[in-house]
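Below is one structure, written out as C-alpha coordinates, with a few remarks after it.
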Amino acid sequence: QLLVNLGSSFAFSSLRELRKELNPLYPEDLIEIERVCKEHFIEFIPYRDSVCNLNDWFRLPQFRRYAENPEAIEAWLKSEKLINGDVHHNFCAKDVASGELLATIFSDLLPCYSSSQVHVGLDFAGAGQCEGTGPSQEVVTSILSQVLRLAAVHQKKSVLFWSDTLEFYDIPGSPRSLPSRAVAVERGFGPNHPFSRRCAILANLGVPFYTSPSTMAHNSLGGRLTHCIEVIKNAAKAAMRHDGVGMILSDWGDNGHLQPLITIYPALVVAAGAAWNVPEALAASDPEIELVGRLLDCHIFHDGDVGGVLGSVLCMFGDIHLSAESTEPELRDKTQDDSDRASCSKLFGLLVYRNDIPSSRGLNATGLRRAQRRVEKALDILHSYSGRASSIDQLELQLVGELLRIACRIGISLNSTQGSSGDGGSMALKQISGLTRSDVVNRFVQILYLYRICWDLRCRPRTFSKSVRFLERPLMELASELPYMPGFIEEKSQRGWKNPKPA
(Lines give C-alpha, C1' and ligand atoms only; values in the text may rest on other atoms or scores of the structure.)
Protein backbone atom coordinates (compact mmCIF):
# COMPACT_ATOMS: atom_id res chain seq x y z
CA GLN A 1 0.00 0.00 0.00
CA LEU A 2 1.02 3.60 -0.61
CA LEU A 3 -0.64 6.62 0.99
CA VAL A 4 0.41 10.15 0.09
CA ASN A 5 -0.92 13.15 1.98
CA LEU A 6 -1.37 15.71 -0.79
CA GLY A 7 -2.54 18.51 1.49
CA SER A 8 -3.66 21.25 -0.88
CA SER A 9 -1.30 20.06 -3.66
CA PHE A 10 -4.19 18.71 -5.73
CA ALA A 11 -6.33 20.62 -8.22
CA PHE A 12 -9.32 21.02 -5.92
CA SER A 13 -12.11 22.97 -7.56
CA SER A 14 -12.52 25.00 -4.37
CA LEU A 15 -8.91 26.23 -4.66
CA ARG A 16 -9.04 27.10 -8.34
CA GLU A 17 -7.91 30.70 -7.76
CA LEU A 18 -4.75 29.49 -5.97
CA ARG A 19 -3.64 26.91 -8.56
CA LYS A 20 -0.91 29.03 -10.09
CA GLU A 21 0.68 29.45 -6.68
CA LEU A 22 0.11 25.89 -5.40
CA ASN A 23 1.26 24.10 -8.57
CA PRO A 24 -1.03 21.14 -7.82
CA LEU A 25 -1.25 17.63 -9.17
CA TYR A 26 -4.20 16.93 -11.48
CA PRO A 27 -6.44 13.86 -11.75
CA GLU A 28 -4.40 12.51 -14.66
CA ASP A 29 -1.28 12.67 -12.47
CA LEU A 30 -2.88 10.54 -9.76
CA ILE A 31 -4.20 8.09 -12.33
CA GLU A 32 -0.67 7.68 -13.70
CA ILE A 33 0.74 7.14 -10.20
CA GLU A 34 -1.88 4.48 -9.55
CA ARG A 35 -1.02 2.79 -12.83
CA VAL A 36 2.64 2.53 -11.81
CA CYS A 37 1.62 1.29 -8.35
CA LYS A 38 -0.49 -1.48 -9.86
CA GLU A 39 2.44 -2.59 -11.99
CA HIS A 40 4.29 -3.21 -8.74
CA PHE A 41 1.26 -4.75 -6.94
CA ILE A 42 0.83 -1.71 -4.69
CA GLU A 43 -2.56 -0.35 -3.66
CA PHE A 44 -2.65 3.45 -3.95
CA ILE A 45 -4.88 4.74 -1.14
CA PRO A 46 -6.19 8.32 -0.94
CA TYR A 47 -5.26 10.36 2.12
CA ARG A 48 -6.95 13.65 2.91
CA ASP A 49 -7.11 15.17 6.39
CA SER A 50 -10.71 15.88 7.31
CA VAL A 51 -10.31 18.54 9.98
CA CYS A 52 -6.81 19.96 9.56
CA ASN A 53 -4.33 21.08 6.90
CA LEU A 54 -6.99 23.42 5.55
CA ASN A 55 -4.83 26.54 5.73
CA ASP A 56 -5.13 27.33 2.03
CA TRP A 57 -8.91 27.08 2.15
CA PHE A 58 -9.02 29.49 5.09
CA ARG A 59 -7.03 32.02 3.07
CA LEU A 60 -10.19 32.41 0.97
CA PRO A 61 -13.02 34.42 2.59
CA GLN A 62 -15.78 32.04 1.50
CA PHE A 63 -14.38 29.21 3.63
CA ARG A 64 -13.53 30.98 6.87
CA ARG A 65 -16.97 30.29 8.31
CA TYR A 66 -15.89 26.65 8.57
CA ALA A 67 -12.97 27.53 10.85
CA GLU A 68 -13.15 26.76 14.53
CA ASN A 69 -12.21 30.33 15.32
CA PRO A 70 -12.71 32.66 12.30
CA GLU A 71 -11.38 35.65 14.27
CA ALA A 72 -8.08 33.84 14.81
CA ILE A 73 -7.83 33.25 11.07
CA GLU A 74 -7.77 36.98 10.43
CA ALA A 75 -4.87 37.44 12.85
CA TRP A 76 -3.10 34.41 11.39
CA LEU A 77 -3.34 35.78 7.86
CA LYS A 78 -1.57 38.96 8.98
CA SER A 79 1.21 37.14 10.81
CA GLU A 80 4.50 35.58 9.75
CA LYS A 81 3.10 32.20 10.71
CA LEU A 82 1.34 32.10 7.35
CA ILE A 83 4.73 32.53 5.68
CA ASN A 84 6.34 29.84 7.82
CA GLY A 85 3.48 27.46 7.15
CA ASP A 86 3.74 25.94 10.60
CA VAL A 87 0.23 26.50 11.97
CA HIS A 88 -2.78 24.21 11.66
CA HIS A 89 -6.28 25.67 11.79
CA ASN A 90 -9.29 23.38 11.86
CA PHE A 91 -12.89 23.96 11.02
CA CYS A 92 -15.22 23.37 13.93
CA ALA A 93 -15.99 19.66 14.20
CA LYS A 94 -19.31 20.43 15.88
CA ASP A 95 -20.56 22.49 12.91
CA VAL A 96 -22.58 20.19 10.65
CA ALA A 97 -22.14 22.69 7.80
CA SER A 98 -18.44 21.82 7.78
CA GLY A 99 -19.44 18.65 5.99
CA GLU A 100 -20.23 20.77 2.94
CA LEU A 101 -16.56 21.66 2.53
CA LEU A 102 -15.41 18.09 3.11
CA ALA A 103 -17.97 16.79 0.60
CA THR A 104 -16.54 19.11 -2.04
CA ILE A 105 -12.98 18.03 -1.26
CA PHE A 106 -13.87 14.33 -1.41
CA SER A 107 -15.84 14.76 -4.64
CA ASP A 108 -12.75 16.17 -6.33
CA LEU A 109 -10.18 13.74 -4.93
CA LEU A 110 -11.65 10.30 -4.27
CA PRO A 111 -12.80 9.46 -7.83
CA CYS A 112 -9.12 9.53 -8.86
CA TYR A 113 -8.48 6.33 -6.87
CA SER A 114 -9.84 2.83 -7.43
CA SER A 115 -8.98 1.70 -3.88
CA SER A 116 -11.91 0.90 -1.60
CA GLN A 117 -10.07 2.55 1.30
CA VAL A 118 -9.42 6.15 2.30
CA HIS A 119 -7.37 7.68 5.13
CA VAL A 120 -9.13 10.73 6.59
CA GLY A 121 -6.61 11.78 9.23
CA LEU A 122 -8.65 13.32 12.08
CA ASP A 123 -5.43 14.54 13.69
CA PHE A 124 -7.17 17.21 15.72
CA ALA A 125 -10.76 16.01 15.73
CA GLY A 126 -12.66 17.70 18.54
CA ALA A 127 -9.56 19.41 19.88
CA GLY A 128 -11.72 22.37 20.84
CA GLN A 129 -9.07 25.00 20.10
CA CYS A 130 -11.48 27.86 20.59
CA GLU A 131 -13.10 26.43 23.73
CA GLY A 132 -10.16 24.77 25.48
CA THR A 133 -11.99 21.45 25.69
CA GLY A 134 -10.77 17.96 24.92
CA PRO A 135 -12.34 15.42 22.58
CA SER A 136 -15.66 13.86 23.49
CA GLN A 137 -17.36 10.69 22.35
CA GLU A 138 -20.10 12.70 20.64
CA VAL A 139 -17.59 14.72 18.60
CA VAL A 140 -15.51 11.74 17.54
CA THR A 141 -18.41 9.51 16.57
CA SER A 142 -20.18 12.41 14.81
CA ILE A 143 -17.15 13.17 12.66
CA LEU A 144 -16.49 9.53 11.88
CA SER A 145 -20.10 8.92 10.94
CA GLN A 146 -20.12 11.97 8.69
CA VAL A 147 -16.86 11.00 7.01
CA LEU A 148 -18.04 7.40 6.55
CA ARG A 149 -21.18 8.62 4.80
CA LEU A 150 -19.19 10.88 2.48
CA ALA A 151 -16.69 8.11 1.73
CA ALA A 152 -19.46 5.64 0.95
CA VAL A 153 -20.74 7.96 -1.77
CA HIS A 154 -17.45 7.26 -3.57
CA GLN A 155 -17.47 3.49 -2.90
CA LYS A 156 -14.86 3.67 -0.13
CA LYS A 157 -15.69 0.80 2.21
CA SER A 158 -12.98 1.31 4.84
CA VAL A 159 -12.09 4.61 6.47
CA LEU A 160 -8.71 4.83 8.18
CA PHE A 161 -8.10 7.47 10.86
CA TRP A 162 -5.41 8.30 13.40
CA SER A 163 -6.28 6.64 16.68
CA ASP A 164 -5.03 9.69 18.64
CA THR A 165 -8.71 10.61 18.39
CA LEU A 166 -9.50 7.74 20.73
CA GLU A 167 -7.39 8.92 23.66
CA PHE A 168 -10.52 9.44 25.73
CA TYR A 169 -11.32 5.72 25.41
CA ASP A 170 -8.44 5.11 27.81
CA ILE A 171 -10.46 6.72 30.60
CA PRO A 172 -12.50 4.32 32.81
CA GLY A 173 -16.22 4.61 32.18
CA SER A 174 -15.87 6.05 28.66
CA PRO A 175 -18.23 4.86 25.91
CA ARG A 176 -17.06 1.79 24.03
CA SER A 177 -18.50 1.99 20.53
CA LEU A 178 -17.46 3.30 17.13
CA PRO A 179 -19.10 3.37 13.73
CA SER A 180 -18.53 0.24 11.67
CA ARG A 181 -16.03 0.33 8.77
CA ALA A 182 -13.75 2.66 10.79
CA VAL A 183 -10.15 1.41 10.96
CA ALA A 184 -7.78 2.97 13.51
CA VAL A 185 -4.13 3.70 12.73
CA GLU A 186 -1.96 3.84 15.85
CA ARG A 187 1.03 6.04 15.07
CA GLY A 188 4.21 6.35 17.07
CA PHE A 189 7.00 8.88 16.71
CA GLY A 190 9.68 7.38 18.93
CA PRO A 191 10.96 4.23 20.66
CA ASN A 192 9.05 5.04 23.85
CA HIS A 193 5.64 5.08 22.22
CA PRO A 194 3.30 2.66 24.08
CA PHE A 195 2.26 0.61 21.04
CA SER A 196 1.44 -2.51 23.02
CA ARG A 197 -0.76 -0.76 25.58
CA ARG A 198 -2.61 1.29 22.98
CA CYS A 199 -3.12 -1.66 20.65
CA ALA A 200 -4.51 -3.71 23.54
CA ILE A 201 -7.13 -0.99 24.11
CA LEU A 202 -8.10 -0.98 20.43
CA ALA A 203 -8.31 -4.78 20.38
CA ASN A 204 -10.54 -4.80 23.47
CA LEU A 205 -12.80 -2.25 21.78
CA GLY A 206 -13.09 -4.52 18.76
CA VAL A 207 -11.71 -1.76 16.51
CA PRO A 208 -9.59 -3.06 13.59
CA PHE A 209 -6.27 -1.26 13.53
CA TYR A 210 -2.88 -0.79 11.89
CA THR A 211 0.26 0.29 13.67
CA SER A 212 2.19 3.11 12.03
CA PRO A 213 5.79 3.60 13.15
CA SER A 214 7.71 6.65 11.97
CA THR A 215 10.82 6.51 9.81
CA MET A 216 12.24 8.99 12.38
CA ALA A 217 13.74 10.92 9.46
CA HIS A 218 11.53 14.00 9.93
CA ASN A 219 13.13 16.90 11.78
CA SER A 220 16.54 15.35 11.29
CA LEU A 221 19.30 15.84 8.77
CA GLY A 222 20.35 12.23 8.28
CA GLY A 223 17.67 10.22 10.05
CA ARG A 224 17.61 8.71 13.54
CA LEU A 225 18.39 5.10 12.74
CA THR A 226 18.69 3.49 16.17
CA HIS A 227 15.41 5.08 17.26
CA CYS A 228 13.84 4.11 13.93
CA ILE A 229 14.71 0.43 14.39
CA GLU A 230 13.24 0.42 17.89
CA VAL A 231 9.97 2.08 16.95
CA ILE A 232 9.45 -0.23 13.95
CA LYS A 233 10.23 -3.32 16.00
CA ASN A 234 7.81 -2.26 18.75
CA ALA A 235 5.07 -1.45 16.24
CA ALA A 236 5.40 -4.78 14.41
CA LYS A 237 5.37 -6.84 17.61
CA ALA A 238 2.37 -4.95 19.02
CA ALA A 239 0.38 -5.45 15.80
CA MET A 240 1.09 -9.17 15.83
CA ARG A 241 0.43 -9.60 19.55
CA HIS A 242 -2.95 -7.86 19.41
CA ASP A 243 -4.15 -9.12 15.99
CA GLY A 244 -3.71 -5.89 14.07
CA VAL A 245 -4.55 -5.60 10.38
CA GLY A 246 -0.96 -4.70 9.51
CA MET A 247 1.69 -2.00 9.72
CA ILE A 248 2.00 1.27 7.76
CA LEU A 249 5.39 2.99 7.80
CA SER A 250 4.96 6.78 7.99
CA ASP A 251 7.35 9.52 6.88
CA TRP A 252 6.48 13.03 8.01
CA GLY A 253 7.10 16.31 6.21
CA ASP A 254 7.46 18.81 9.03
CA ASN A 255 9.58 21.94 8.51
CA GLY A 256 9.78 21.77 4.75
CA HIS A 257 10.43 18.03 4.49
CA LEU A 258 14.16 18.71 4.43
CA GLN A 259 15.11 15.04 4.69
CA PRO A 260 15.98 13.64 1.22
CA LEU A 261 14.32 10.40 0.15
CA ILE A 262 17.54 8.47 0.75
CA THR A 263 17.26 9.04 4.51
CA ILE A 264 14.26 6.69 4.72
CA TYR A 265 15.92 3.81 2.86
CA PRO A 266 17.10 2.16 6.11
CA ALA A 267 13.58 2.43 7.54
CA LEU A 268 12.12 0.76 4.44
CA VAL A 269 14.55 -2.16 4.80
CA VAL A 270 13.92 -2.54 8.53
CA ALA A 271 10.12 -2.29 8.14
CA ALA A 272 10.06 -4.85 5.35
CA GLY A 273 11.98 -7.33 7.47
CA ALA A 274 9.92 -6.70 10.59
CA ALA A 275 6.61 -6.99 8.73
CA TRP A 276 7.49 -10.32 7.14
CA ASN A 277 9.25 -11.88 10.13
CA VAL A 278 8.05 -10.23 13.32
CA PRO A 279 9.63 -12.72 15.78
CA GLU A 280 13.05 -11.93 14.31
CA ALA A 281 12.55 -8.17 14.11
CA LEU A 282 15.85 -6.34 14.23
CA ALA A 283 17.28 -4.97 17.44
CA ALA A 284 19.03 -1.61 17.47
CA SER A 285 22.54 -2.97 17.97
CA ASP A 286 25.78 -2.61 16.03
CA PRO A 287 25.57 -6.02 14.28
CA GLU A 288 21.99 -5.35 13.20
CA ILE A 289 22.80 -1.88 11.89
CA GLU A 290 25.70 -3.41 9.97
CA LEU A 291 23.22 -5.86 8.43
CA VAL A 292 20.98 -2.98 7.37
CA GLY A 293 23.95 -1.43 5.59
CA ARG A 294 24.70 -4.67 3.71
CA LEU A 295 21.06 -5.05 2.69
CA LEU A 296 21.06 -1.49 1.35
CA ASP A 297 24.22 -2.18 -0.65
CA CYS A 298 22.71 -5.34 -2.09
CA HIS A 299 19.10 -4.38 -2.85
CA ILE A 300 19.14 -0.60 -3.33
CA PHE A 301 22.63 0.48 -4.31
CA HIS A 302 23.25 -2.70 -6.36
CA ASP A 303 26.81 -3.18 -5.16
CA GLY A 304 26.24 -6.68 -3.77
CA ASP A 305 26.31 -7.71 -0.13
CA VAL A 306 30.13 -7.72 -0.05
CA GLY A 307 32.31 -4.73 -0.82
CA GLY A 308 29.62 -2.02 -0.86
CA VAL A 309 30.19 1.14 1.16
CA LEU A 310 27.18 3.45 0.68
CA GLY A 311 24.95 1.38 2.98
CA SER A 312 27.34 1.76 5.90
CA VAL A 313 27.79 5.48 5.15
CA LEU A 314 24.03 6.03 5.13
CA CYS A 315 23.58 4.09 8.38
CA MET A 316 26.41 6.03 9.98
CA PHE A 317 24.77 9.32 8.96
CA GLY A 318 21.57 8.00 10.53
CA ASP A 319 23.17 7.93 13.98
CA ILE A 320 25.49 10.94 13.75
CA HIS A 321 23.13 12.87 15.99
CA LEU A 322 23.93 10.40 18.80
CA SER A 323 27.66 10.94 18.32
CA ALA A 324 27.16 14.69 18.64
CA GLU A 325 25.05 14.61 21.78
CA SER A 326 26.50 14.98 25.25
CA THR A 327 27.22 11.76 27.09
CA GLU A 328 27.26 13.44 30.51
CA PRO A 329 23.79 13.09 32.13
CA GLU A 330 23.85 16.64 33.48
CA LEU A 331 24.36 18.07 29.97
CA ARG A 332 21.65 16.12 28.19
CA ASP A 333 18.59 17.95 26.97
CA LYS A 334 15.62 16.52 28.84
CA THR A 335 13.14 19.02 27.40
CA GLN A 336 12.27 16.93 24.34
CA ASP A 337 10.65 13.53 24.06
CA ASP A 338 11.26 11.51 20.88
CA SER A 339 7.69 10.23 21.17
CA ASP A 340 6.53 13.74 20.26
CA ARG A 341 6.17 14.36 16.52
CA ALA A 342 7.59 17.86 17.02
CA SER A 343 10.84 16.49 18.45
CA CYS A 344 14.00 16.93 16.43
CA SER A 345 17.60 15.80 16.51
CA LYS A 346 19.88 18.24 18.28
CA LEU A 347 21.84 18.85 15.07
CA PHE A 348 18.64 19.63 13.16
CA GLY A 349 17.76 22.15 15.86
CA LEU A 350 20.89 24.12 15.05
CA LEU A 351 19.58 24.87 11.54
CA VAL A 352 15.80 24.81 11.97
CA TYR A 353 15.06 26.25 15.35
CA ARG A 354 12.21 27.57 17.44
CA ASN A 355 11.97 30.68 19.57
CA ASP A 356 14.01 32.74 17.08
CA ILE A 357 17.44 31.46 18.13
CA PRO A 358 19.13 28.04 17.89
CA SER A 359 20.04 26.02 20.95
CA SER A 360 23.10 23.88 21.55
CA ARG A 361 21.54 22.37 24.66
CA GLY A 362 22.39 18.69 24.83
CA LEU A 363 25.51 19.17 22.69
CA ASN A 364 29.11 19.83 23.64
CA ALA A 365 32.34 20.44 21.76
CA THR A 366 33.69 16.93 22.29
CA GLY A 367 30.64 15.23 20.82
CA LEU A 368 30.34 17.71 17.97
CA ARG A 369 33.97 17.29 16.96
CA ARG A 370 33.57 13.51 17.13
CA ALA A 371 30.53 13.71 14.86
CA GLN A 372 32.31 16.10 12.49
CA ARG A 373 35.27 13.74 12.09
CA ARG A 374 32.95 10.84 11.27
CA VAL A 375 31.02 12.88 8.72
CA GLU A 376 34.20 14.05 7.00
CA LYS A 377 35.54 10.49 6.85
CA ALA A 378 32.25 9.32 5.32
CA LEU A 379 32.31 12.13 2.75
CA ASP A 380 35.85 11.10 1.78
CA ILE A 381 34.56 7.57 1.18
CA LEU A 382 31.66 8.92 -0.86
CA HIS A 383 33.90 11.10 -3.03
CA SER A 384 36.00 8.07 -4.00
CA TYR A 385 32.97 5.83 -4.63
CA SER A 386 32.75 4.22 -8.10
CA GLY A 387 29.96 1.68 -7.67
CA ARG A 388 26.56 1.15 -9.25
CA ALA A 389 24.34 3.40 -7.14
CA SER A 390 22.22 5.91 -9.04
CA SER A 391 23.51 9.44 -9.41
CA ILE A 392 20.59 10.89 -7.44
CA ASP A 393 21.29 8.54 -4.52
CA GLN A 394 24.93 9.62 -4.52
CA LEU A 395 23.99 13.30 -4.69
CA GLU A 396 21.44 12.99 -1.87
CA LEU A 397 23.95 11.16 0.29
CA GLN A 398 26.44 13.96 -0.32
CA LEU A 399 23.74 16.51 0.56
CA VAL A 400 23.01 14.74 3.85
CA GLY A 401 26.71 14.68 4.70
CA GLU A 402 27.17 18.36 3.90
CA LEU A 403 24.15 19.36 6.00
CA LEU A 404 25.45 17.32 8.93
CA ARG A 405 28.90 18.83 8.56
CA ILE A 406 27.61 22.42 8.49
CA ALA A 407 25.43 21.72 11.55
CA CYS A 408 28.44 20.35 13.43
CA ARG A 409 30.49 23.39 12.41
CA ILE A 410 27.78 25.77 13.64
CA GLY A 411 27.42 23.82 16.88
CA ILE A 412 31.17 23.89 17.53
CA SER A 413 31.28 27.63 16.82
CA LEU A 414 28.36 28.35 19.13
CA ASN A 415 29.90 26.21 21.85
CA SER A 416 33.25 27.98 21.48
CA THR A 417 31.61 31.40 21.63
CA GLN A 418 29.71 30.48 24.78
CA GLY A 419 32.91 29.48 26.55
CA SER A 420 34.59 26.34 27.73
CA SER A 421 31.86 25.25 30.14
CA GLY A 422 30.03 23.41 27.36
CA ASP A 423 26.73 23.52 29.24
CA GLY A 424 24.75 24.34 26.09
CA GLY A 425 22.21 27.08 25.64
CA SER A 426 20.76 29.51 23.14
CA MET A 427 22.40 32.37 21.29
CA ALA A 428 22.09 34.15 17.98
CA LEU A 429 24.08 32.83 15.02
CA LYS A 430 25.41 36.33 14.34
CA GLN A 431 27.38 36.12 17.58
CA ILE A 432 29.73 33.62 15.94
CA SER A 433 33.00 35.32 15.01
CA GLY A 434 32.94 37.05 11.62
CA LEU A 435 35.73 35.03 10.02
CA THR A 436 34.09 31.74 10.95
CA ARG A 437 30.68 32.97 9.84
CA SER A 438 32.03 34.01 6.45
CA ASP A 439 33.40 30.53 5.83
CA VAL A 440 30.20 28.87 7.08
CA VAL A 441 28.07 31.11 4.84
CA ASN A 442 30.12 30.26 1.74
CA ARG A 443 29.79 26.54 2.48
CA PHE A 444 26.09 26.94 3.20
CA VAL A 445 25.54 28.61 -0.18
CA GLN A 446 27.14 25.62 -1.93
CA ILE A 447 24.83 23.30 0.02
CA LEU A 448 21.76 25.15 -1.24
CA TYR A 449 23.00 24.83 -4.81
CA LEU A 450 23.29 21.07 -4.22
CA TYR A 451 19.88 20.99 -2.53
CA ARG A 452 18.31 22.54 -5.63
CA ILE A 453 19.97 19.96 -7.90
CA CYS A 454 18.68 17.08 -5.75
CA TRP A 455 15.21 18.61 -5.51
CA ASP A 456 14.86 18.97 -9.29
CA LEU A 457 15.89 15.34 -9.81
CA ARG A 458 13.42 14.01 -7.24
CA CYS A 459 10.57 16.50 -6.78
CA ARG A 460 8.42 19.05 -8.61
CA PRO A 461 10.66 22.10 -9.17
CA ARG A 462 8.05 24.75 -8.34
CA THR A 463 7.65 23.44 -4.78
CA PHE A 464 11.32 24.02 -3.95
CA SER A 465 10.85 27.51 -2.51
CA LYS A 466 8.48 26.23 0.20
CA SER A 467 11.14 23.87 1.49
CA VAL A 468 14.35 25.86 1.10
CA ARG A 469 13.02 28.82 3.10
CA PHE A 470 13.63 26.77 6.27
CA LEU A 471 17.36 26.72 5.43
CA GLU A 472 17.45 30.29 4.15
CA ARG A 473 16.51 31.57 7.60
CA PRO A 474 19.73 30.47 9.39
CA LEU A 475 21.79 31.38 6.32
CA MET A 476 20.44 34.95 6.32
CA GLU A 477 21.12 35.29 10.03
CA LEU A 478 24.68 34.06 9.60
CA ALA A 479 25.20 36.55 6.75
CA SER A 480 23.38 39.48 8.35
CA GLU A 481 26.47 41.53 9.22
CA LEU A 482 28.79 40.35 6.45
CA PRO A 483 29.50 42.79 3.60
CA TYR A 484 27.41 42.21 0.47
CA MET A 485 26.26 38.73 1.54
CA PRO A 486 22.60 39.47 2.46
CA GLY A 487 21.97 40.98 -0.97
CA PHE A 488 23.79 38.11 -2.67
CA ILE A 489 21.71 35.53 -0.80
CA GLU A 490 18.47 37.37 -1.56
CA GLU A 491 19.34 37.39 -5.24
CA LYS A 492 20.13 33.66 -5.25
CA SER A 493 16.90 32.95 -3.39
CA GLN A 494 14.87 34.83 -5.98
CA ARG A 495 16.56 32.79 -8.71
CA GLY A 496 15.73 29.57 -6.89
CA TRP A 497 19.31 28.61 -6.00
CA LYS A 498 20.09 27.39 -9.47
CA ASN A 499 23.80 26.78 -9.69
CA PRO A 500 25.44 29.29 -12.06
CA LYS A 501 26.80 27.67 -15.18
CA PRO A 502 30.60 27.52 -15.39
CA ALA A 503 32.17 30.05 -17.70
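The values are calculated or read from the model by the stated rules, or taken from the named source; none is laboratory data. Since this is a predicted model, take the numbers as computed values, not measurements. Reconstructed Cβ throughout: ideal geometry from the backbone, glycine too, with neighbour counts over all protein chains shown. SASA here: full protein model, heavy atoms, side chains in, ligands and nucleic acids out. Shrake-Rupley method; radii C 1.70, N 1.55, O 1.52, S 1.80 Å.
Taking all protein chains together, Met476, Met240, Met485, Met216 sort by accessible area into Met240, Met476, Met485, Met216, largest first [probe 1.4 Å]. Karplus-derived 3J(HN,Hα) values for segment 144-156, using 6.51 cos²θ - 1.76 cosθ + 1.60 with θ = phi - 60°, are 4, 4, 5, 5, 4, 5, 5, 5, 5, 4, 10, 6, 9 Hz; glycine and proline are entered as x.
Put simply, when 265-271, 249-255 are sorted by average Cβ atoms within 10 angstrom per residue, most first, you get 265-271, 249-255. Annotation for Leu435 and Asp243: the two label points, set 7 Å from Cα along the Cα-Cβ direction, are 7.1 nm apart. When you count the other C-beta atoms within 10 angstrom of each residue and take the mean per peptide, 429-437, 467-475 line up highest first as 467-475, 429-437. Protein-only accessible surface at a 1.4 angstrom probe places the residues Lys498, Lys78, Lys466 in the order Lys78, Lys498, Lys466, largest first. Using the structure shown, select from Lys20/Lys466; Lys78/Lys466; Lys466/Lys492; Lys38/Lys156; Lys346/Lys430; Lys157/Lys237 the pairs with a Cα to Cα distance greater than 23 angstrom. Those over the limit are Lys157/Lys237. Shown in residue order for segment 245-257 are the 3J(HN,Hα) couplings computed by the Karplus curve 6.51 cos²θ - 1.76 cosθ + 1.60 at θ = phi - 60°: 5, x, 9, 10, 6, 10, 10, 9, x, 4, 6, x, 6 Hz (x for Gly and Pro). Fully extending the segment from Trp276 to Thr104, taken as 0.36 nm per residue of separation minus the present Cα-Cα distance, adds 58.0 nm. Using 0.36 nm per residue and subtracting the Cα-Cα separation, the extra length available between Leu261 and Arg458 on full extension is 70.1 nm.
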